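> Below you'll find the structure I mean.
All of the numbers you see were taken from the coordinates with simple rules; none came from a lab. As the structure is a prediction and not an experimental result, all values here were calculated from the model. No Cβ is skipped: glycine too gets one built from the backbone with ideal geometry, and neighbour counts run over all protein chains shown.
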Amino acid sequence: MTALQGSLLDLADEVVVRPLRGLTRMPLAHGAWVDVLPGWVGGADELYAALRRDVPWQAERRQMYDSIVDVPRLLKFYGEDEALPHVALGECRDVLSAHYRDELGEPFRTAGLCLYRDGQDSVAWHGDRIGRARDLDTIVAILSVGAPRDLMLRPRGGGTSIRVPAGHGDLVVMGGSCQRTWDHCVPKTARPVGPRISIQFRTRGVR
């Protein structure tokens, strides 16, 4: 397993959730958009270490065609009534809820965590379309800690993809019709990469 190499740009000694200043919005086709804010959370390597240690990570197996296969990453989902594993995640959720209140119309309530242990861990092309997001616009906010991995986006059904590197406290927010009209993935890579944890904040009834 590859070890995490800390960021030379993040010198914070403790975890700091910064204001959402400097968000850059990228308009996409079909009414979708992506907001990006590099280095939103300071001390992100400290947060990575705490989550890696304290989260009860789960390995899952899923049906894939005619076989049952291992999910190529570790997972933990926190429902809206569950305590989050680090106080900073609650702060992140509150800041995001306040910032996107007018567009979203409701607060973020759940947090799904994924641990990508190395370049062979991945998630295939998909949209978060389970529940209300199948028919309605929503917003999914992703905080990444640990080593950067590429988050790829492309129009649903295929087309030119967009690459968004995410790690070391970076924030990527997918909104508008993004979950319905675009897909996203974290592809496998043969490059030597360190581990990464992504935290996905969603509203009630969206997975």
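> Over what distance in Å are the Cα centres of the stretch 47-110 and the stretch 113-145 separated?
That distance is 10 Å.
> Also, I was wondering about something else. Just to be sure I follow the definition: excluding the sites themselves, where is the longest run in the chain that has none of the GluC sites (Glu not before Pro) in a DSSP loop with at most 15 other Cβ atoms within 10 Å?
83-207
> What is the extension gain from residue 83 to residue 126, computed as 0.36 nm multiplied by their sequence separation minus the C-alpha to C-alpha distance, in nm to one decimal?
Length difference between fully extended and current span is 12.7 nm.
> Okay, next question. Nearest 500 deg cm²/dmol is fine: what mean residue ellipticity at 222 nm does the chain get from its DSSP H runs of n ≥ 4 alone, each adding -39,500 (n - 2.57), divided by its residue count?
-4000 deg cm²/dmol
> What are the ³J(HN,Hα) values, in whole Hz, obtained from phi via the Karplus relation 6.51 cos²θ - 1.76 cosθ + 1.60 with θ = phi - 60°, for each residue of the stretch 174-190 in sequence order, with x given for Gly and Pro?
Listing the rounded values in order: 9, x, x, 8, 3, 5, 8, 10, 10, 10, 9, 7, 10, x, 5, 9, 7 Hz.
> Next question. Please give me the summed charge of the neighbours of residue 131: other residues whose Cβ is under 15 Å from its Cβ, Lys and Arg +1, Asp and Glu -1.
+3
> How big is the C-alpha Rg of the stretch 103-165 next to the rule-of-thumb value 2.2 N^0.38 Å, as a ratio?
1.28
> Using amide H atoms built 1.01 Å from N in the peptide plane, name the residues 5+ places from residue 182, or on other chains, whose amide H lies under 5 Å from its own.
156
> Loop by DSSP (not H, G, I, E, B), at most 16 other beta-carbon atoms within 10 Å: where is the longest site-free stretch of the chain for chymotrypsin sites (Phe, Trp or Tyr not before Pro)? Intermediate values should be presented prior to the final figure.
Values: sites that count: 57, 65.
Result for the longest clean stretch: 66-207.
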